[in-house]
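Below: the structure, in structure tokens.
The values are calculated or read from the model by the stated rules, or taken from the named source; none is laboratory data. Worth saying up front: this structure is predicted, and the values here are computed from it rather than measured. As a convention, Cβ positions derive from the backbone with ideal geometry for all residues, glycine included, and neighbour counts pool all protein chains shown.
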Amino acid sequence: MRHSGTPGRNFKFELARKFIHLSSVSIAIIYCNITKELALVLLIPLFAGFLSVDLLKNFIPSLSRWYHDTFDPMLREHELEKGFIQLNGATFISLSALLLVLLFPKIIAITCFSLVAVSDTIAALVGRKFGRHPIGEKSLEGSLAFLTSAIIIVVLIPRLDLFAGIVTAVAATVTEALSLRINGFKVDDNLTIPLASALVCYLYYLFVLPNKLPLLEACP
């Protein structure tokens with residue numbers, strides 16, 4: 001999420017967007033209490049639903065009018081552009097949750113999804129309100145807020161090795177501060193933050209703490 005201190009978007013709409021974004025941490029909380037199989041049963045239709053609305057709004061005028069009348073004040077500039085591939089944050093956040101559950105041990109999935117739900121929210125709000133030192137499209141203030149909240153989260157996650165958690169928090173912060181582009185297309189950081197940090201965490205365990213990997217498969 002972009003978090004510069006420049007004006008342009010009404011802060012109350014940014015606050016509303018981020019409140020919705022923050023509420024997605026409920027996915028991580030629920031996943032801690034259900035099986036991987038049940039999580040997939042819930043997440044697959046959730047992602048399919050968001051994706052369907054994103055795509056069909058380009059072809060169904062009534063759906064397009066409802067979508068833009070309801071969400072335009074909270075949408076990013078690239079989300080307002082016309083085009084088949086313009087997907088919104090809800091689609092990417094549900095896709096990231098689905099991929100985390102599919103690809104990574106439970107504790108890593110919960111940790112990294114919490115980072116994008118909570119730390120990305122804090123970074124965007126702090127950066128937009130107090131950001132004065134730009135880092136590309138982001139701000140130093142927002143990135144420091146992201147790192148601080150990320151470290152708090154990894155410290156609180158049960159069964160997660162402390163140093164592995166700090167490495168994961170740093171990886172998430174760096175990923176959030178950068179803007180990945182493929183052929184000029186910006187990859188949404190709701191996808192890059194959790195997947196990049198989860199990969200770093202998994203590789204750390206794989207090469208440094210392989211005997212502890214089985215401990216990550218279930219919540220206490």
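Look at the stretch 199-218 and say how many of its residues are surrounded by fewer than 16 Cβ atoms within 10 Å (Cβ to Cβ) and either hydrophobic (A, V, I, L, M, F, W, C) or closer than 14 Å to Ala171 by Cβ (or both). Working first, answer last.
Pass one, the stretch 199-218, residues surrounded by fewer than 16 Cβ atoms within 10 Å (Cβ to Cβ): 203, 206-214, 217-218.
Still in the running and either hydrophobic (A, V, I, L, M, F, W, C) or closer than 14 Å to Ala171 by Cβ (or both): 203, 206-209, 213, 218.
So the count comes out to 7.
Select from the stretch 50-74 the residues that are at pLDDT below 80 and not hydrophobic (A, V, I, L, M, F, W, C) and write down the one among them that is nearest to Phe19 (Cα to Cα). Lay out the reasoning, then the answer.
So in the stretch 50-74, the residues at pLDDT below 80 come out as 63-64, 66-74.
From the residues that got through so far, the ones that are not hydrophobic (A, V, I, L, M, F, W, C) too are 64, 67-70, 72-73.
Values: Ser64: 24, Tyr67: 19, His68: 19, Asp69: 19, Thr70: 16, Asp72: 16, Pro73: 14 Å.
Step by step, filter the stretch 50-74, then rank; the result is Pro73.
List pairs: first in the stretch 85-111 and closer than 16 Å to Leu42 by Cβ and β-branched (Val, Ile, Thr), second modelled with pLDDT under 95 and buried (at least 21 other Cβ atoms within 10 Å of the Cβ), Cβ under 7 Å, 6+ apart or cross-chain?
What qualifies is Ile93/Ser24; Ile93/Asn190.
Exactly one condition in (1) buried (at least 24 other Cβ atoms within 10 Å of the Cβ); (2) more than 19 Å from Val208 (Cβ to Cβ); (3) at pLDDT 95 or above is false for Glu176; which is it?
It fails just one condition, (3).
Condition check: modelled with pLDDT under 95, buried (at least 24 other Cβ atoms within 10 Å of the Cβ) and over 20 Å from Val25 (Cβ atoms). Does Ser139 satisfy that? Write out each step before concluding.
Details: modelled with pLDDT under 95: yes; buried (at least 24 other Cβ atoms within 10 Å of the Cβ): yes; over 20 Å from Val25 (Cβ atoms): yes.
Spelling it out, Ser139 is indeed modelled with pLDDT under 95, buried (at least 24 other Cβ atoms within 10 Å of the Cβ) and over 20 Å from Val25 (Cβ atoms).
Evaluate the stretch 137-147: report whether one residue or more is among the aliphatic types (A, V, I, L, M), part of a helix (DSSP H, G or I) and in contact with a helix residue (DSSP H, G or I) (Cβ under 7 Å, 6 or more places away or on another chain).
Of the stretch 137-147, the ones among the aliphatic types (A, V, I, L, M) are 140, 144-145, 147.
Keeping just the survivors that are part of a helix (DSSP H, G or I) gives 140, 144-145, 147.
Among the residues that remain, those that are also in contact with a helix residue (DSSP H, G or I) (Cβ under 7 Å, 6 or more places away or on another chain) are: 145, 147.
Yes - at least one qualifying residue is present in the stretch 137-147.
Please count how many residues of the stretch 81-132 are in contact with a strand residue (DSSP E or B) (Cβ under 7 Å, 6 or more places away or on another chain) and modelled with pLDDT of 95 or more.
Total satisfying the criteria: 0.
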